[in-house]
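Here's the structure, in structure tokens; my notes come after.
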Amino acid sequence: EDQVTQSPEALRLQEGESSSLNCSYTVSGLRGLFWYRQDPGKGPEFLFTLYSAGEEKEKERLKATLTKKESFLHITAPKPEDSATYLCAVQGLYNDMRFGAGTRLTVKP
Amino acid sequence: ETGVTQSPTHLIKTRGQQVTLRCSSQSGHNTVSWYQQALGQGPQFIFQYYREEENGRGNFPPRFSGLQFPNYSSELNVNALELDDSALYLCASSLSGVGGGYEQYFGPGTRLTVT
């Protein structure tokens, strides 16, 4: 069965303090690994799709990387507005998307 | 370009009742997926519709059913509501063909409370 585990569950950073979020996964036939950001009471907001090991994508202060077993979301010099829950999801062979429980990021000014 | 919209925003139902939630896909998208998100958890995949046919289903009982219409809008129906059905229900639309690995764009969700 496809599984996605995110760590840590919660992360508190000072503004400017860089860090990484982890997403470990097992999936039968990876079609894509997705990162989303979710603010309280809102739907997830799409950030990145990664398709194969070695792939990297960047957007502003965020960079996502992918290996055969895990993905990392690197946050460089975060700002308070980066505070949110970051969700990782994998899409397998049967069109289902399996999400992790998320990492709740708080960035203090 | 219009994003994904969902209605209603909030809903309160009694155990045993039936509920219908609605979703309008983003313009140009042909696939819609529905998710259930409990507090503090990631979304759980319910099912997906592609060109009006169910195209994948998660581990949810048959009392969860759906429809996709020719204009690619969609409904989620839940019969015989249980207390554990209380959650945020999310709709996501995407443009897909054969294959996969496509980005999904989410609506704001419908908060369902079952009492």
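The values are calculated or read from the model by the stated rules, or taken from the named source; none is laboratory data. Values in this document were obtained by computation on a predicted structure and should not be read as measured data. Neighbour counts run over all protein chains shown; Cβ positions are idealised from the backbone, glycine included. Keep in mind that these areas ignore ligands, DNA and RNA; they rest on the heavy atoms of the full protein, side chains included. Shrake-Rupley method; radii C 1.70, N 1.55, O 1.52, S 1.80 Å.
Before moving on, here are some points about what is shown:
- For A:K63, the lysines whose Cα falls under 16 Å of its own Cα, not counting residues fewer than eight places away in the same chain, are A:K79.
- Label-point separation in nm, B:N77 to A:E60, each point 7 Å along Cα→Cβ: 4.2
- When you restrict to C-alpha pairs under 8 Å that are six or more residues apart and normalise by the size of chain B, the relative contact order lands at 36 percent.
- Peptides ranked, highest mean first, by Cβ atoms within 10 Å: ranges A:67-80, A:36-49: A:36-49, A:67-80
- Counting only DSSP beta bridges whose two residues both lie in chain A, roughly 90 percent are antiparallel.
- Exercise: per-residue mean of other protein chain Cβ atoms within 10 Å, B:35-41: 3
- Couplings for segment A:102-107, taken from phi via the Karplus curve 6.51 cos²θ - 1.76 cosθ + 1.60 with θ = phi - 60°, read x, 10, 8, 9, 10, 10 Hz in order; Gly and Pro are left as x.
- Stretchable slack from B:Q41 to B:Q18, in nm (0.36 nm times residue separation minus alpha-carbon distance): 5.9 nm
- The magnitude of the dipole of chain A, with charges of +1 and -1 set on the Cβ of Lys/Arg and Asp/Glu and taken from the Cα centre, is near 40 debye.
- When a 1.4 Å probe is rolled over the protein heavy atoms, the share of accessible surface on segment B:23-80 that falls to carbon and sulfur comes to 47 percent.
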